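Step one of this worksheet: look at the structure below.
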């Protein structure tokens with residue numbers, strides 16, 4: 001294998017693929033990136049056996065072929081080469097080395113054979129659709145914060161993606177929950193999504209897809225197989241295993257009949273919660289909301305350090321209500337409400353509360369109160 | 001000036017020869033600091049075996065071993081008669097029975113020992129509230145308060161305790177009286193069973209000098225070997241080294257070594273040490289490598305732990321799984337919980353997760369499930385969305 005490639009093209013491709021490579025690997029070849037050159041292209045591939053990312057970059061191939069080299073090392077080398085460099089990658093087949101040359105710099109990296117590199121593949125595709133990069137990004141961004149980190153509930157360690165029928169027609173819906181809060185985001189169901197199975201996208205996949213979408217504004221193609229998903233965004237293809245589990249019936253924890261609505265300025269609310277929670281204890285983190293006619297009093301009472309209160313104007317006409325929430329959870333949710341005002345739909349101090357943007361029903365958040 | 005204590009009428013008296021003029025008792029101890037020392041260590045003599053003999057007078061003159069019989073049992077406690085044959089605690093039962101084939105073997109009855117221990121502690125409590133239990137059969141007592149209030153000298157109060165335990169509970173104890181915990185414990189070991197020994201502050205260094213370094217609390221096999229390798233076998237040799245030298249050699253522990261060697265110990269007697277962890281464990285009748293079997297047992301252990309947590313008003317922030325392999329290697333695995341818990345179901349779930357991760361066909365002889373990072377129950381199990389049916 002021998003080829004010439006521009007630094008920025010190689011660096012961008014390496015950034016995408018090496019991000020799935022674990023820093024510590026028990027299987028040596030998983031620390032490597034696979035490189036394959038043919039014609040005008042260099043194909044890069046990396047995997048952790050759960051996720052595989054491939055990318056194709058433009059290159060001038062003088063000798064086709066393939067090899068694998070340590071991914072993070074290659075990434076670091078390319079990163080440090082001067083901008084605008086033309087980089088030559090050339091296998092020294094007999095020595096099992098890859099030579100990287102750019103101007104006066106020359107590196108030799110130990111290789112492992114390309115044939116040994118694992119291939120995740122996609123078996124028996126069942127559904128395919130394409131959706132706007134922005135829609136996919138929103139599905140992820142509005143829900144990923146609520147993904148559970150508790151490994152014992154592995155089926156909650158991801159985003160549940162499925163098709164569902166609502167008053168507004170068929171929607172592609174993302175849901176994540178850690179059992180104390182739940183985030184739900186809908187976009188229009190793309191053609192081809194009808195009848196798709198509900199799937200659970202693992203946390204790491206969510207993270208990698210989000211990174212990809214940051215650099216990509218066009219359509220994303222999605223292919224599903226019974227236990228894998230593939231995202232194609234331009235030159236990058238990410239294939240991932242899915243979480244093999246059953247997502248709980250989240251519908252039953254989304255309250256339908258909460259009739260006490262409180263409207264509050266989202267920015268003012270966020271800042272006030274942040275201020276009063278300065279005094280909440282590391283472990284408890286409870287903030288109390290005293291809601292009465294037109295008025296919301298936030299308070300934190302920490303026997304060890306003191307107390308804090310702050311009063312806000314609200315629009316509320318229901319029965320006075322006192323309810324406690326985890327301050328961090330409140331802040332996480334309010335950070336995902338983009339509009340000026342948020343609506344709290346409440347029932348009673350021990351029942352789940354719904355939070356939404358006043359003018360955007362596509363995202364919905366459910367929060368379980370704390371005992372205060 | 002020497003003071004004497006009559007262990008039968010429990011009074012300090014001016015020294016005189018012969019039996020006690022008041023009660024005629026022969027058990028008298030004399031010591032210059034007897035009227036001043038207030039820290040005690042009390043150790044029940046062959047506790048489990050003594051309790052069993054109390055309840056089975058027919059066994060009184062026979063060698064008795066408490067422990068599980070059968071292939072893999074070990075000796076929990078041997079009575080003093082069995083000890084004459086060389087039987088020791090923690091010895092495999094088959095070996096114990098080789099040494100003492102006539103021994104009667106009884107399985108331990110922990111519920112009963114706990115009840116007896118509670119009775120004994122109630123007697124301690126009449127003398128002081130400052131009791132630090134070490135185990136069911138062992139405790140430190142700080143008698144300073146009652147002593148200084150002039151109520152009763154510590155030595156007298158201890159003699160009363162020993163007599164009451166014998167009469168009311170029916171077993172014997174050995175008492176060590178000194179000026180700190182380290183010396184009190186050494187003293188209680190000097191005259192077992194039914195002993196009462198005193199180590200005064202003034203004589204501490206001299207008493208310690210000939211003792212083996214292995215007598216020091218915290219000097220285990222490894223430290224002992226290191227010390228002995230550098231030619232230090234007795235506490236006397238340790239006394240010759242500076243604290244600086246010991247700290248350089250043994251780190252933080254060196255400091256304690258230096259203090260102990262001089263007979264100094266600053267640890268206070270701490271009543272009811274706060275519980276740091278709660279656990280339950282069991283040994284299998286035959287080793288198992290089956291994850292399902294391990295999980296089923298872990299579930300039951302989790303229930304026991306949850307019951308204890310609820311009784312104590314505590315919640316665990318992390319679950320600890322302990323597994324001992326057939327070749328006695330101990331694996332400890334732990335998992336932090338997103339929220340502290342009191343619930344058996346949460347403990348079982350975490351234990352199952354840890355078991356599945358480690359069950360690779362190895363066979364285990366023992367399993368334990370516990371919690372640490374204990375917190376008040378008020379922080380436990382915040383209500384969850386999916387808890388509600």
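The values are calculated or read from the model by the stated rules, or taken from the named source; none is laboratory data. Small disclaimer: the values here were computed from a predicted structure and weren't measured. In this analysis, Cβ positions are derived from the backbone assuming ideal geometry, glycine residues included, and neighbour counts consider all displayed protein chains.
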Practice task
Look through B:30, B:17 and report the one residue that is in a strand (DSSP E or B), closer than 26 Å to residue B:160 by Cα and without any contact (Cβ under 8 Å) to a residue 40 or more places away in the chain.
Solution key: B:30
Practice task
Would you confirm whether any residue within the range A:174-184 is away from chain B (no Cβ under 14 Å), within 27 Å of residue B:339 (Cβ to Cβ) and buried (at least 19 other Cβ atoms within 10 Å of the Cβ)?
Solution key: yes
Completion exercise
Exactly one of B:318, B:377, B:350 is surrounded by fewer than 19 Cβ atoms within 10 Å (Cβ to Cβ), in contact with a strand residue (DSSP E or B) (Cβ under 8 Å, 6 or more places away or on another chain) and closer than 30 Å to residue B:287 by Cβ, and that one is B:318
Problem - Among (1) out of contact with any strand residue (DSSP E or B) (no Cβ under 6 Å at 6 or more places or on another chain); (2) more than 10 Å from every other protein chain (Cβ to nearest Cβ), the one test that residue B:302 misses - result: (1)
Exercise for the section: Would you confirm whether any residue within the range B:211-224 is at pLDDT 90 or above, surrounded by fewer than 21 Cβ atoms within 10 Å (Cβ to Cβ) and out of contact with any helix residue (DSSP H, G or I) (no Cβ under 7 Å at 6 or more places or on another chain)? Expected result: yes
Completion exercise
Among (1) assigned to a helix (DSSP H, G or I); (2) touching a residue at least 60 places away in the same chain (Cβ under 8 Å), residue A:35 falls short only on (1)
Exercise for the section: Check off (1) assigned to a loop (DSSP other than H, G, I, E, B); (2) free of Cβ contacts under 8 Å to residues at least 60 places away in the same chain; (3) touching a strand residue (DSSP E or B) at 6+ places or on another chain (Cβ under 8 Å) for residue A:275 and give me the number that stays unchecked. Expected result: (1)
Problem - Failed item, numbered, when residue A:281 is tested on (1) surrounded by 13 or more Cβ atoms within 10 Å (Cβ to Cβ); (2) assigned to a loop (DSSP other than H, G, I, E, B); (3) touching a residue at least 60 places away in the same chain (Cβ under 8 Å) - result: (3)
Completion exercise
Filter the range A:45-71 for residues that are within 18 Å of residue A:97 (Cβ to Cβ) and in contact with a helix residue (DSSP H, G or I) (Cβ under 6 Å, 6 or more places away or on another chain); the one that is surrounded by the fewest Cβ atoms within 10 Å (Cβ to Cβ) is A:66
Practice task
Within the range B:347-389, track down each residue that is at the interface with chain A (Cβ under 10 Å from one of its Cβ atoms), free of Cβ contacts under 8 Å to residues at least 12 places away in the same chain and part of a loop (DSSP other than H, G, I, E, B).
Solution key: B:383, B:384, B:388, B:389
Practice task
Would you check if there is a residue in the range B:235-253 being out of contact with any helix residue (DSSP H, G or I) (no Cβ under 9 Å at 6 or more places or on another chain), in a helix (DSSP H, G or I) and closer than 30 Å to residue B:183 by Cβ?
Solution key: yes
Practice task
Would you check if residue A:193 is surrounded by 15 or more Cβ atoms within 10 Å (Cβ to Cβ), assigned to a loop (DSSP other than H, G, I, E, B) and touching a strand residue (DSSP E or B) at 6+ places or on another chain (Cβ under 9 Å)?
Solution key: yes
Completion exercise
Picking from A:286, A:327, the residue that is surrounded by 21 or more Cβ atoms within 10 Å (Cβ to Cβ) and at pLDDT below 90 would be A:286
Practice task
Would you check if there is a residue in the range B:324-336 being crowded, with 21+ Cβ neighbours inside 10 Å, modelled with pLDDT of 90 or more and in contact with a helix residue (DSSP H, G or I) (Cβ under 8 Å, 6 or more places away or on another chain)?
Solution key: no
Handout entry: Count of the range B:315-340 residues which are within 14 Å of chain A (Cβ to nearest Cβ) and either outside any strand (DSSP E or B) or in contact (Cβ under 8 Å) with a residue 24 or more places away in the chain (or both)
Key = 11
Exercise for the section: Considering (1) in a helix (DSSP H, G or I); (2) surrounded by 13 or more Cβ atoms within 10 Å (Cβ to Cβ), say which one residue B:191 fails and leave the rest. Expected result: (1)
Exercise for the section: For residue A:299, indicate whether it is free of Cβ contacts under 8 Å to residues at least 24 places away in the same chain, under 23 Å from residue B:339 (Cα atoms) and buried (at least 18 other Cβ atoms within 10 Å of the Cβ). Expected result: yes
Practice task
Test residue B:265 against the criterion of being over 17 Å from residue A:152 (Cβ atoms), assigned to a loop (DSSP other than H, G, I, E, B) and at pLDDT 90 or above, and give yes or no.
Solution key: yes
Exercise for the section: Report the residue count in the range B:60-117 for those that are under 21 Å from residue B:282 (Cβ atoms), crowded, with 17+ Cβ neighbours inside 10 Å and out of contact with any strand residue (DSSP E or B) (no Cβ under 7 Å at 6 or more places or on another chain). Expected result: 2
Exercise for the section: Select from the range A:345-371 the residues that are assigned to a strand (DSSP E or B) and over 18 Å from residue A:171 (Cβ atoms) and write down the one among them that is nearest to the other protein chains (Cβ to nearest Cβ). Expected result: A:370
Exercise for the section: Determine if the range A:309-323 includes at least one residue that is surrounded by 18 or more Cβ atoms within 10 Å (Cβ to Cβ), within 13 Å of chain B (Cβ to nearest Cβ) and in contact with a strand residue (DSSP E or B) (Cβ under 7 Å, 6 or more places away or on another chain). Expected result: yes
Problem - Unique match (being in contact with a helix residue (DSSP H, G or I) (Cβ under 8 Å, 6 or more places away or on another chain) and under 26 Å from residue B:49 (Cα atoms)) among B:139, B:154 - result: B:139
Practice task
Evaluate the range A:232-250: report whether one residue or more is within 24 Å of residue A:326 (Cα to Cα) and out of contact with any strand residue (DSSP E or B) (no Cβ under 7 Å at 6 or more places or on another chain).
Solution key: yes
Practice task
Go through the range A:337-350 and count every residue that is farther than 14 Å from residue A:296 by Cβ and crowded, with 19+ Cβ neighbours inside 10 Å.
Solution key: 2
Problem - Selection status of residue A:200, within 14 Å of chain B (Cβ to nearest Cβ) and within 30 Å of residue A:367 (Cβ to Cβ) - result: no
